[in-house]
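Enquirer: Got a structure for you, written out below as structure tokens; questions coming shortly.
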Amino acid sequence: MTPVALRRSGYAALGRLAPGFAGRRATDAFSTTRALGVYPDDLPPLGSRGFPVEGDPDVRGGYLWGEGGPTALLVHGWGTDSSSMHSLIPPLRALGYRVAAFDAPGHGVAEGSQATMTQFTRAVGAVLDTLGDVRVIVAHSLGSIASVGAVAARPAAPIDCLALVAPACTLTGVLERWSRGELRLARPTVRRIYRELHRRNGVPVSHWDVVGLGGDLDCPVLAVHDPGDDVVPFAEAEAVAAGLRDVRLERAPGTGHIGILMAPEVKELISAFVSGHGIKDEEKAR
């Protein structure tokens, strides 16, 4: 029997014998942020300097490229870390931005191997509050939900635009796809995951919805996604485009869920979008 088959049968047996325990174990598995248990070296990446993040003990700090000026914040996806966004630093620096990145709770250099969307969103908010002059956010995958949630909670934040790369629109969709995947969890166990996530997050799973959270956003949004993405379906980006006020949806075929962050055409799309909606020439000269 393969390891996957063993896990699948184990969850099935637990669901019959100890359903509450099965639900908690499955929730732990869904909430895992580092499947390989890897913690990178806690050193600032090349060309950056560290900065402390105030107001959130779950965040070790962040990294900055550049000195003064308006800031572009990079928000990584679930199960990766800030290094996954490094290819986007040069094009944003070329546009005149100071660039910031950080490792979300349970990711990268942060402690732990699990996190909640509440922690992720709170962390993005703490970074926004610490830096102050964030004008642009570029977020990947589930980082899109955390970023939109943090911005929506700060209507006075000076955000000029958002770029969402391979965005997940809802946590419900993520959970449903995960539960139907290799583990093929029984519906009673999935319902227990919903209840346990509600308890851990303080809000129901349905709360984590880009459209529901960002319905009042009045800044332009770019959603760029590979139609063949086998991790987060393209339909998620279509839902974002259909549900928010001012969204430009772009396709990036053949780039994949992670490769999309390095694709030259995607960097060009983001640069053109930010250039059209971001800082003006007089601000660049300051």
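The values are calculated or read from the model by the stated rules, or taken from the named source; none is laboratory data. These numbers were taken from a predicted model, which means no experiment stands behind them. Note that each Cβ is placed from the backbone with ideal geometry, even for glycine, and that neighbours are counted across all protein chains shown.
The rows are residues; the columns are (1) out of contact with any strand residue (DSSP E or B) (no Cβ under 7 Å at 6 or more places or on another chain); (2) surrounded by 15 or more Cβ atoms within 10 Å (Cβ to Cβ); (3) within 19 Å of Ile145 (Cα to Cα).
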{"residue": "His198", "(1), (2), (3)": "yes, no, yes"}
{"residue": "Gly202", "(1), (2), (3)": "yes, no, yes"}
{"residue": "Leu222", "(1), (2), (3)": "no, yes, yes"}
{"residue": "Gly243", "(1), (2), (3)": "yes, yes, yes"}
{"residue": "Ala252", "(1), (2), (3)": "no, yes, no"}
{"residue": "Ala263", "(1), (2), (3)": "yes, yes, no"}
{"residue": "Lys267", "(1), (2), (3)": "yes, yes, no"}
{"residue": "Gly276", "(1), (2), (3)": "yes, no, no"}
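Enquirer: Which of the numbered conditions does Gly215 fail, given that it passes all the others? Conditions: (1) among the small types (Gly, Ala, Ser); (2) in contact with a His (Cβ under 7 Å, 6 or more places away or on another chain); (3) under 28 Å from Arg122 (Cβ atoms).
Expert: (2)
Enquirer: Suppose we filter region 45-65 for residues that are surrounded by fewer than 15 Cβ atoms within 10 Å (Cβ to Cβ) and either assigned by TED's automatic domain parsing to the domain that holds Leu197 or farther than 15 Å from Leu131 by Cα (or both); how many remain?
Expert: Residues in region 45-65 being surrounded by fewer than 15 Cβ atoms within 10 Å (Cβ to Cβ) and either assigned by TED's automatic domain parsing to the domain that holds Leu197 or farther than 15 Å from Leu131 by Cα (or both): 3 in total.
Enquirer: Could you tell me which of the residues Gly132, Gly149, Gly143 is within 24 Å of Asp216 (Cα to Cα) and at pLDDT below 95?
Expert: Values: Gly149 fails: at pLDDT below 95; Gly143 fails: at pLDDT below 95.
Unique residue meeting the criteria: Gly132.
Enquirer: Could I ask something else about it? Pairs, please: C-beta under 6 Å, at least 6 apart or cross-chain, first residue under 19 Å from Val174 (Cβ atoms) and modelled with pLDDT of 95 or more and in region 235-260, second among the β-branched types (Val, Ile, Thr) and part of a loop (DSSP other than H, G, I, E, B)?
Expert: His257/Val231
Enquirer: Condition (residue is among the charged types (D, E, K, R) and free of Cβ contacts under 8 Å to residues at least 24 places away in the same chain) applied to region 194-204: is it met by at least one residue?
Expert: yes
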